[in-house]
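One structure is given here, and the rest of the page talks about it.
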Ligand code: OAD
């Protein structure tokens with residue numbers, strides 16, 4: 001693995017136009033379970049029953065009880081890990097342009113990343129289903145579920161449920177970043193949910209190097225990505241960050 005870390009560090013150090021695409025795997029070391037695989041959320045609950053917008057419209061109380069409330073309390077305790085901090089450092093060092101994350105946990109921003117596209121929205125905010133007013137999740141009164149806006153409308157997290165569109169501005173900017181980057185770091189995603197999973201293909205087709213960081217292979221491995229670094233995000237990203245720093249000092 002050391003050889004691959006060295007290779008990735010050299011690839012990142014050689015560009016000012018790297019972009020990261022991240023998924024649930026990057027936040028596992030922060031105590032947030034993934035969606036798929038061992039211990040994954042979708043092993044315990046059916047996403048079409050709790051994470052589809054039609055399910056929310058049909059029975060918001062059930063979705064709040066089975067999904068949102070639990071996720072909010074896990075996210076409230078989570079802290080950024082070495083991988084979030086490593087990507088923030090690569091941005092500071094002038095190599096990483098932006099992070100496109102499928103996560104709703106806000107940990108990239110907490111780690112110091114400045115340019116973060118929250119592709120699937122955020123759990124930090126709630127939005128009224130009627131008047132669209134937004135309020136901070138941390139300020140919610142959860143004595144009554146589902147919580148309601150002052151106008152009486154039901155509140156929902158400001159995230160993308162299955163069956164909803166990606167906010168067009170996020171989609172367009174992400175596609176532009178993918179098409180314009182020289183290196184894409186694909187960290188901790190199973191690359192199975194569209195349209196996020198398309199971004200590495202856009203990058204590859206535009207000539208970028210696609211590097212995966214994931215303990216397991218994904219559908220991108222061996223076809224879309226140039227190479228996979230098979231390890232946990234925290235250890236691998238921190239090692240890349242350290243090596244990029246050394247290479248800068250010696251250049
Ligand atoms: P998944 O849960 O599908 O995939 C998590 C990935 O993280 C897997 O490929 C794991 O092998 C990998 N992984 C596990 N441990 C890791 C570690 N320590 N370091 C790095 N990687 C590790 O999560 P996503 O790909 O993010 O969408 O899922 C995509 C979307 O599906 C989510 O945004 C969510 C979900 O349904 C919506 O809710 C709309």
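Computed from the coordinates by the stated procedures, all read-outs in this text should not be read as laboratory data. What you see is a predicted model; the values in this text were computed from it and never measured. We place every Cβ from the backbone using ideal geometry, glycine too, and count neighbours over all the protein chains shown.
Things worth noting here:
- Computed label-point distance, nm, for sites residue 250 and residue 110 using a 7 Å Cα→Cβ extension: 3.6
- Angle of helix 2-13 to the longest C-alpha principal axis of the chain, folded into 0 to 90 degrees and rounded to 10: 80°.
- Ranking of 162, 35 by count of other Cβ atoms within 10 Å, fewest first: 162, 35
- Hydrodynamic radius of segment 208-251 by the Kirkwood approach over all distinct alpha-carbon pairs: 11.5 Å.
- Counting DSSP beta bridges with both ends in segment 1-149, the antiparallel % (nearest 5): 25
- Sorted by Cβ density within 10 Å, fewest first, the residues 193, 99, 210: 193, 210, 99
- Value in Å of the Kirkwood radius, where segment 82-163 supplies the Cα pairs that are averaged: 14.1
- Projected label points at residue 162 and residue 57, each 7 Å from Cα along the beta carbon direction, are separated by 1.6 nanometres.
- Counting 0.36 nm for each residue step from residue 92 to residue 74 and taking away their Cα separation leaves a gain of 3.6 nm.
- Most mobile listed residue (72, 194, 182) in the chain, GNM with C-alpha springs under 10 Å: 194
- Two-decimal log10 I(q)/I(0) for segment 129-251, as the Debye equation yields it once each C-alpha is a single scatterer, q = 0.11 Å⁻¹: -0.59
- Panel order for 62, 44, by other beta carbons found within 10 Å of each beta carbon, from fewest to most: 44, 62.
- Take the Cα radius of gyration of the chain and divide it by 2.2 N^0.38 Å, N being the number of residues; the result is 1.03.
- Considering only alpha-carbon pairs that sit under 8 angstrom and 6 or more positions apart, the relative contact order computed for segment 174-219 is 50 percent.
- Here each label is just a point 7 Å from Cα along the line to Cβ, and for residue 144 and residue 10 those points are 6.4 nm apart.
- Springs join every pair of Cα atoms under 10 Å in this Gaussian network model of the chain, and among 112, 37, 25 the largest mean-square fluctuation is at 37.
- Normalised contact order of the chain, rounded percent, pairs of Cα under 8 Å and 6 or more residues apart: 25
- Share antiparallel - DSSP beta bridges, the chain, percent rounded to 5: 30
- Note on segment 138-236: antiparallel DSSP beta bridges, both residues inside, total approximately 10 percent of the bridges counted.
- For segment 140-251, relative contact order (Cα pairs under 8 Å, six or more residues apart, normalised by length) works out to 17 percent.
- Here the sum of -39500 (n - 2.57) over DSSP H runs of 4 or more residues, divided by the residues of the chain, equals -10000 deg cm²/dmol at 222 nm, to the nearest 500.
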